[in-house]
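Chemist: Sharing a structure, written as structure tokens. Questions coming.
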Amino acid sequence: MRLATIRGSQGLELALVVPGGLVELNRLDTQLPRNMRQLLAAGEEIWQRVAQWQHHQPTLALDQAQFAPVVPDPQKILCVGLNYADHARESGASVPEEPVIFSKFASALIGHEEPIVLPRESQEVDYEAELVVVIGRQGRHIPEDQALQYVAGYTCGHDVSARDWQLRKPGKQWLLGKTFDTFAPLGPWLVTRDEVPDPGHLDIRLRIGSETLQDSNTRELIFSVPRLIAYISQVMTLEPGDVLFTGTPAGVGFSRTPPRFLQPGDVVEVEIQGIGVLRNPVVAAS
Ligand code: ZN
């Protein structure tokens, strides 16, 4: 199944992607949670109720929908730095022996088609296409060989990054450089785990306009999705709705000659095989 969070007249709503459009779930079943995190936490019984609507006629055309972040209010947004060997090389960093984890705040999240706002405080805003894992079950000390059972599904993420903050501020401001407002596009929808048998074999691309700037496959991940879940859950309890950005492949803007940073008027697309295309225009701060 493909589930989206959309902006309706009554606030955020859940929608199911069906052939030809979306089914607005909360209009048809008023008992369903209106929030993705609550839906994921509700467990198996709810999933069967949602699945019934898969054969319903769409109630909203895709191009009429206003998409919100797939999970608008995750308890955690975890991110992995340097998780593709080619990106580690182009960054001049050695391949890490353990995952390097950082975070963003939910205030940075935006949905499909919502604008990335270039802040006045950065001159070097860069792009990063990423596969994002959405957690579906609570767990701590999750064994690697069971980790995928804790995954609700996958979506596309864009880890927008102010390189001048991340790399050149005193002490390197990774957190702040990565969490300016609008720096975490997430969507367009969650594709449930049953439709993605192997998250370690997905083509991943990033385009600006017609130009492809990143073109890789998740088989290049240094630390696999199960390894990351096992590693992180040594430290913290993962909860339904937590999101994990799994790192970006080679081709980012700051490693290019000359560098290619985001500009007002750019339209950036993150495409992941079997998941979808997350598209966001880039605008200047007003
Ligand atoms: Zn990243």
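Chemist: Sorting 112, 56, 141 by accessible area (1.4 Å probe), largest first, what list results?
Modeler: 141, 56, 112
Chemist: Between residue 256 and residue 34, what is the FRET efficiency for a Förster distance of 51 Å, r being their Cβ-Cβ separation, to the nearest 0.05?
Modeler: Taking R0 as 51 Å, the efficiency between residue 256 and residue 34 is 0.75.
Chemist: For a quick check of understanding: with a 1.4 angstrom probe and all protein chains in place, what accessible area in square angstrom does residue 37 have, to the nearest ten?
Modeler: Only protein atoms counted, so the area is about 80 Å².
Chemist: Under a crude label model (7 Å from the Cα following the beta-carbon direction), how far is residue 94 from residue 219 in nanometres?
Modeler: 2.8 nm
Chemist: Can you bin region 2-64 into rounded, prolate or oblate? Criterion: square roots of the alpha carbon gyration tensor eigenvalues sorted a ≥ b ≥ c, rounded for a/c under 1.5, prolate for a/b above b/c, oblate for the rest.
Modeler: oblate
Chemist: Moving on. Tell me the relative contact order for the chain as a rounded percent, counting alpha carbon contacts under 8 Å between residues six or more apart.
Modeler: That works out to 24 percent.
Chemist: Antiparallel versus total DSSP beta bridges in the chain: what percent is that, nearest 5?
Modeler: Just about 85 percent of them are antiparallel.
Chemist: Can you give the longest stretch of the chain with no exposed loop site, where a site means GluC sites (Glu not before Pro) in a DSSP loop (not H, G, I, E or B) with at most 16 other C-beta atoms within 10 Å?
Modeler: 122-286
Chemist: Residue 285 label point, 7 Å along Cα→Cβ, cut-off 15 Å on backbone N: hits in region 117-140?
Modeler: Under cut-off, by backbone N: 117-126.
Chemist: If I stretch the segment between residue 55 and residue 9 completely, what's the gain in nm (0.36 nm per residue apart, minus their alpha carbon distance), one decimal? All intermediate terms of the calculation are to be shown ahead of the outcome.
Modeler: On the way: separation 46, 0.36 × 46 = 16.56 nm, distance 2.44 nm.
Full extension of this stretch gives 14.1 nm more.
Chemist: Just reorder 178, 76 by solvent-accessible area, largest first, 1.4 Å probe, all chains present. Numbers along the way, then the final one.
Modeler: Details: 178 5, 76 30 Å².
Reading off the accessible areas and sorting them downward yields 76, 178.
Chemist: Using alpha-carbon positions, what is the distance between the centroids of region 126-204 and region 33-57, in Å?
Modeler: Taking the Cα centre of each part, region 126-204 and region 33-57 sit 23 Å apart.
Chemist: Something else: Calculate what fraction, in whole %, of the accessible area of the chain sits on carbon and sulfur atoms when a 1.4 Å probe is rolled over the protein chains.
Modeler: On the way: 5890 of 12260 Å².
Its accessible area is 48 percent carbon and sulfur atoms.
Chemist: Now, a different point. How much net charge surrounds residue 13 when only other residues with a Cβ under 10 Å from its Cβ are counted (Lys, Arg +1; Asp, Glu -1)?
Modeler: Residues close to residue 13 contribute a combined charge of +2.
Chemist: Here's another thing I want to ask about it. How large is ³J(HN,Hα), in whole Hz, for each residue of region 220-231 in order, when computed from phi with the Karplus curve 6.51 cos²θ - 1.76 cosθ + 1.60 and θ = phi - 60°, using x for Gly and Pro?
Modeler: My calculation for region 220-231 gives 7, 4, 6, 10, 5, 4, x, 5, 5, 5, 5, 5 Hz in order.
Chemist: With an 8 Å cut-off on Cα pairs and a minimum separation of 6 or more residues, tell me the relative contact order of region 2-64 in percent.
Modeler: Relative contact order here is 34 percent.
Chemist: Using θ = phi - 60° and the Karplus curve 6.51 cos²θ - 1.76 cosθ + 1.60, what whole-Hz ³J(HN,Hα) does each residue of region 43-52 get, with Gly and Pro shown as x?
Modeler: Once θ is set to phi - 60°, the couplings for region 43-52 become x, 4, 4, 4, 4, 5, 5, 5, 4, 4 Hz.
Chemist: Per DSSP helix of 4 or more residues, -39500 (n - 2.57); summed, then divided by the residues of the chain. What does that give at 222 nm, rounded to the nearest 500?
Modeler: Computed mean residue ellipticity for the chain: -3500 deg cm²/dmol.
The values are calculated or read from the model by the stated rules, or taken from the named source; none is laboratory data. Computed from a predicted model, the values in this text were never measured in an experiment. Glycine gets a Cβ as well: all are built from the backbone with ideal geometry, and neighbour counts include every protein chain shown. When the accessible area is computed, the model is the full protein with side chains, heavy atoms only, and any ligands, DNA or RNA have been set aside. Shrake-Rupley method; radii C 1.70, N 1.55, O 1.52, S 1.80 Å.
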